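Everything on this sheet refers to the single structure shown next.
The values are calculated or read from the model by the stated rules, or taken from the named source; none is laboratory data. Here the structure is a predicted model, which means the values were calculated and not measured. With ideal geometry, Cβ positions are generated from the backbone for all residues, glycine too; neighbour counts draw on all protein chains shown.
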Amino acid sequence: MVIGGGAREHAIIKKLKFSAKIDEIIALPGNGGIARDVQCVDADPFNISAVINECKKRKIDYVVVTPDDPLALGMVDELSEAGIRSFGPVKAAAMLESSKIFAKNLMKKYNIPTAACEIFTESAVAVNYARQCFKSGKKAVVVKADGLALGKGVAVCGCVKEAEEAICNAMEKKVFGKSGERIIIEECLTGPEVSVLSFCDGRIVAPMISSMDHKRSLDGDLGPNTGGMGCIAPNPFYTPEIAEICARDIFSPTIKAIAKEAAPFKGCLYFGLMLTADGPKVIEYNCRFGDPETQAVLPLLETDLFSIMTACTDGALSPDMVRFRAGASACVVAASQGYPGPYEKGFLIEGLEDAEAGGAVVYCAGVKQEEAGLASCGGRVLSVSATAPSLEGAVESAYSGIKKISFQNKYFRTDIGASALQVLKKSPAL
């Protein structure tokens, strides 16, 4: 059983379907598009007892827990108590994502490079600190809600007014609920961003290929932050030399630290990195596959995903189990116009078969099955991914695919991969 109902889960399911070791896959809750690949169970993924009951009723013997909230609630812990094996970290290890303050304190204690920060529990004190930051000459600060906020709890603030608004939204207006009761204000790091998903079995870290997310809603990295509007892999800024530094100074120390402070981390650990002039630093940890990184990274995975997952669960992972083929991948997200703000939904989606006939793969997210066919029902509606020997070819194929899909109110960025392509043109050896 795969828990979740987004494009990320669809990508995981499509990759798991290649495994000869699996007889049947069920998605809970899945979505209308996922239902074209596997059976979907209409149940609440946050109701752990209901999930366990469904597993027992359907004789499920392995569960892939992908969303952040069920992990933070302890779904893996309770599945284990019920005798059901699963992929994902236990609640204590998932605190790397569920509490940014916990993660920051851990990085500080174990000298894992990250942005300097201060922690606040009162909005007035936080506002005063932000004002002092700008008075002292800082050009920007980053305001982060402590807890989970659907990927929207981070605000990069370029002036006092923006910082005050971000603090007010989190701490006074309670936009993020309890997640914003405590906040972090940290220095604004600059440099290329890199996402590195990694498989972990509590001791071993086996990084996947690097990727580059595009979080802003508009071309040119403008507009508000979203859950992600597209992604390319590998990331040309992430050189073998930088990978060695990250393995030594970030990946290995993190897995050792969380085992000492909380519990061994088993599952997928996402390292959000900034390649600063002072070296790579951690922006954030996620305790799960990223979205849309998964839709760009997994299509290049050569080895059996299910075998890797069970090795993580069993503490039997070896780096040579995780191999990726040469080439590049690109993913472009089709969203509803207005996302991440208010948007209309319920529009018929057409052209999925045409997109896939041209070589792209479509992963469904905010879609539902209507009598007339699939219809939009979310902010991010679907992801279109493509692979090719070169990044240029992958980007071209992904855009060719997404242009064949139509639904009213459809929106997508037109510059996914553009900055990476510029880098590759300047340094063809990368």
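At-a-glance table
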quantity: Flag for GLY74 being out of contact with any His (no Cβ under 8 Å at 6 or more places or on another chain), surrounded by fewer than 21 Cβ atoms within 10 Å (Cβ to Cβ) and of a type outside the set (Phe, Trp, Tyr); calculated: yes
quantity: Condition met for ILE405 (over 22 Å from the mean Cα position of the chain (by Cα) and at pLDDT 95 or above); calculated: yes
quantity: Pairs, first touching a residue at least 24 places away in the same chain (Cβ under 8 Å) in the range 50-67, second charged (D, E, K, R) and in a loop (DSSP other than H, G, I, E, B), C-beta under 6 Å, six or more apart; calculated: THR66/ARG288
quantity: One residue from TYR343, TYR339 being outside any helix (DSSP H, G or I), in contact (Cβ under 8 Å) with a residue 12 or more places away in the chain and farther than 27 Å from GLN422 by Cβ; calculated: TYR343
quantity: Yes/no for GLU353 being under 30 Å from GLU241 (Cα atoms), among the charged types (D, E, K, R) and without any contact (Cβ under 8 Å) to a residue 40 or more places away in the chain; calculated: no
quantity: Matching residues, the range 77-119, being buried (at least 22 other Cβ atoms within 10 Å of the Cβ) and of a type in the set (Phe, Trp, Tyr); calculated: PHE87
quantity: Sole residue being touching a Lys or Arg at 6+ places or on another chain (Cβ under 9 Å), under 23 Å from GLY290 (Cβ atoms) and either among the aromatic types (Phe, Trp, Tyr) or in contact (Cβ under 8 Å) with a residue 24 or more places away in the chain (or both), chosen from GLY153, GLY223; calculated: GLY153
quantity: Complete set of residues in the range 398-429 that are loosely packed, with under 15 Cβ neighbours inside 10 Å and in contact with a helix residue (DSSP H, G or I) (Cβ under 6 Å, 6 or more places away or on another chain); calculated: THR414
quantity: Residue tally, condition small (Gly, Ala, Ser) and touching a helix residue (DSSP H, G or I) at 6+ places or on another chain (Cβ under 6 Å), over the range 359-374; calculated: 3
quantity: Some residue of the range 11-18 being free of Cβ contacts under 8 Å to residues at least 40 places away in the same chain and among the aromatic types (Phe, Trp, Tyr); calculated: no
quantity: Qualifying position, being surrounded by 19 or more Cβ atoms within 10 Å (Cβ to Cβ) and β-branched (Val, Ile, Thr), among ILE26, ILE13; calculated: ILE13
quantity: Exclusive hit being assigned to a helix (DSSP H, G or I), surrounded by 18 or more Cβ atoms within 10 Å (Cβ to Cβ) and aliphatic (A, V, I, L, M), set ALA126, ALA149, ALA155; calculated: ALA126
quantity: Long-range neighbours under 6 Å by Cβ, at least six apart or interchain, first residue of a type in the set (A, V, I, L, M) within the range 22-39, second surrounded by fewer than 17 Cβ atoms within 10 Å (Cβ to Cβ); calculated: ILE26/GLN39; LEU28/ALA43
quantity: Considering residues of the range 210-227 that are modelled with pLDDT under 95 and under 11 Å from the mean Cα position of the chain (by Cα) only, the residue nearest to GLY366 (Cα to Cα); calculated: GLY227
quantity: Conditions (1) in contact with a Leu (Cβ under 7 Å, 6 or more places away or on another chain); (2) surrounded by 14 or more Cβ atoms within 10 Å (Cβ to Cβ): number failed by ARG325; calculated: (2)
quantity: Any hit, the range 309-321, residues being of a type in the set (S, T, N, Q), in a loop (DSSP other than H, G, I, E, B), modelled with pLDDT of 95 or more and surrounded by fewer than 17 Cβ atoms within 10 Å (Cβ to Cβ); calculated: yes
quantity: From the options LEU222, LEU269, residue that is surrounded by fewer than 19 Cβ atoms within 10 Å (Cβ to Cβ) and among the hydrophobic types (A, V, I, L, M, F, W, C); calculated: LEU222
quantity: Residue in the range 225-246 that is surrounded by the fewest Cβ atoms within 10 Å (Cβ to Cβ), counting only those that are touching a strand residue (DSSP E or B) at 6+ places or on another chain (Cβ under 7 Å), hydrophobic (A, V, I, L, M, F, W, C) and farther than 20 Å from ALA386 by Cα; calculated: ILE245
quantity: Matching entry among VAL384, VAL367 (being more than 27 Å from TYR238 (Cα to Cα) and either in contact with a Gly (Cβ under 6 Å, 6 or more places away or on another chain) or basic (Lys, Arg) (or both)); calculated: VAL367
